[in-house]
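Worksheet: one structure, shown below.
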Amino acid sequence: MIVTFDYTGSAINGTDYITGTIEVTIPALTTGTTFTLTGLDDLLVEGNELITVDINTVTNATEYGTQVQNLTIIDDDVAYILMSVNTGAIDENNGSATFTLFTSGDVIASTGIYVDLIYSGTAIDGVDYITGSVQVEILAGLTGATFVLTGLNDIIVEGNEVIQVDINFVTNGFEYGTQVQNLTILDDDAAQVVLSVNTGAIDENAGMATFTVYTSGDVTSVTGIVIDLIYSGTGTNGVDYITGSTNVTIAA
């Protein structure tokens with residue numbers, strides 16, 4: 001007897017399993033024979049898939065009713081997501097860093113993987129750097145995706161600041177452990193203090209001069225700037241003029 005088969009289902013013959021036998025022969029004077037289907041490993045996250053095997057034709061006999069068997073191929077691939085960054089620090093004046101989200105072991109997703117991100121740290125999103133992406137998609141058929149963070153320039157002396165980027169949630173995949181990357185924004189502002197006076201001479205009888213201390217380029221500081229002063233010259237402090245301030249503060 002010769003028996004031929006059809007293969008259908010969500011699993012693809014020759015891709016998800018070794019090409020199935022199309023025809024088998026039950027030898028004369030025997031009651032049966034066997035054939036084997038073997039799964040083919042891949043790196044595709046596709047979920048479990050089904051093979052449906054159906055008798056198509058029988059020669060020298062007839063099919064008993066409708067003979068169909070289903071076989072499930074159990075997917076062993078999981079999309080675990082990792083995150084990396086190409087640098088640890090950027091300039092605040094338009095410096096940029098590229099972050100990469102990628103699957104462990106180069107596993108490929110059959111559907112898009114959506115990665116939600118949260119930002120924290122001393123740097124403020126939208127103030128110290130251009131507002132970061134809150135969700136990044138790894139497209140179906142790919143193993144990764146990138147996003148960029150770019151510094152925003154200011155004239156504030158604030159010191160270096162840190163952006164902490166953390167994976168918050170993954171749709172159609174899983175975060176691999178805890179994925180966190182830190183990026184430092186390098187402050188390029190310095191408070192250079194300038195001294196000016198509104199006149200070059202005053203009367204000794206209650207004449208007044210106003211001195212101004214200020215930062216070059218209108219740079220501001222997140223902390224107060226304290227300037228210590230010294231007085232010299234032929235005029236004697238407290239005798240020829242009212243004792244001057246020994247220090248002044250430019251408020252934050």
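The values are calculated or read from the model by the stated rules, or taken from the named source; none is laboratory data. Note that the structure is predicted; figures quoted are calculated from it, not measured. No Cβ is skipped: glycine too gets one built from the backbone with ideal geometry, and neighbour counts run over all protein chains shown.
Run down Asp203, Asp240, Asp218, Asp189 and say which single residue is surrounded by 14 or more Cβ atoms within 10 Å (Cβ to Cβ) and among the charged types (D, E, K, R).
Going through Asp203, Asp240, Asp218, Asp189 in turn, just one is surrounded by 14 or more Cβ atoms within 10 Å (Cβ to Cβ) and among the charged types (D, E, K, R): Asp189.
Once the range 169-180 is narrowed to residues that are crowded, with 17+ Cβ neighbours inside 10 Å and in contact with an Asp or Glu (Cβ under 9 Å, 6 or more places away or on another chain), the residue that is nearest to Tyr119 (Cα to Cα) is Gln179.
Screening Leu117 against (1) among the hydrophobic types (A, V, I, L, M, F, W, C); (2) surrounded by 15 or more Cβ atoms within 10 Å (Cβ to Cβ); (3) at pLDDT below 95 leaves a single unmet condition, (3). A Cβ distance below 7 Å, combined with a sequence gap of six or more or placement on separate chains, defines the contacts here; from the range 123-146, residues that are under 16 Å from Thr98 (Cβ atoms) reach residues that are of a type in the set (Asp, Glu) and surrounded by 15 or more Cβ atoms within 10 Å (Cβ to Cβ) in the pairs Gly132/Asp125; Ala145/Glu137. Exactly one residue among Gly177, Gly173 is in the same structural domain as Asn86 (by TED's automatic domain parsing), farther than 23 Å from Ala123 by Cβ and free of Cβ contacts under 8 Å to residues at least 12 places away in the same chain, and that residue is Gly177. Where residues in the range 80-105 are among the small types (Gly, Ala, Ser) and closer than 30 Å to Gly159 by Cα, which of them is surrounded by the fewest Cβ atoms within 10 Å (Cβ to Cβ)? Among residues in the range 80-105 that are among the small types (Gly, Ala, Ser) and closer than 30 Å to Gly159 by Cα, the one surrounded by the fewest Cβ atoms within 10 Å (Cβ to Cβ) is Gly88.
Assess whether Thr234 counts as being among the β-branched types (Val, Ile, Thr) and in a loop (DSSP other than H, G, I, E, B). Against the criterion (among the β-branched types (Val, Ile, Thr) and in a loop (DSSP other than H, G, I, E, B)), Thr234 qualifies. Taken across the range 48-60, residues that are in contact with a Leu (Cβ under 7 Å, 6 or more places away or on another chain), without any contact (Cβ under 8 Å) to a residue 40 or more places away in the chain and not hydroxyl-bearing (Ser, Thr, Tyr) do not occur at all. Whenever a residue of the range 180-198 is under 19 Å from Asn86 (Cα atoms), its partners that are crowded, with 17+ Cβ neighbours inside 10 Å and among the aromatic types (Phe, Trp, Tyr), lying with C-beta atoms within less than 7 angstrom and at least six residues away or across chains, give the pairs Gln181/Phe99; Ile185/Tyr129.
Scanning the range 121-139 for residues that are within 13 Å of the chain's Cα centre (by Cα) and surrounded by 14 or more Cβ atoms within 10 Å (Cβ to Cβ) yields a total of 5. Restricted to the range 224-237, and to residues that are of a type in the set (Val, Ile, Thr), under 56 Å from the mean Cα position of the chain (by Cα) and exposed (fewer than 12 other Cβ atoms within 10 Å of the Cβ), which residue is farthest from Thr122 (Cα to Cα)? Restricting to residues being of a type in the set (Val, Ile, Thr), under 56 Å from the mean Cα position of the chain (by Cα) and exposed (fewer than 12 other Cβ atoms within 10 Å of the Cβ), the top hit is Ile230. Residues that are at pLDDT 95 or above and among the hydrophobic types (A, V, I, L, M, F, W, C) were ranked within the range 140-155; the one that is surrounded by the fewest Cβ atoms within 10 Å (Cβ to Cβ) is Val148. Applying the condition of being assigned to a strand (DSSP E or B) and β-branched (Val, Ile, Thr) to the range 194-219 and asking which residue is farthest from Thr143 (Cα to Cα) yields Val197.
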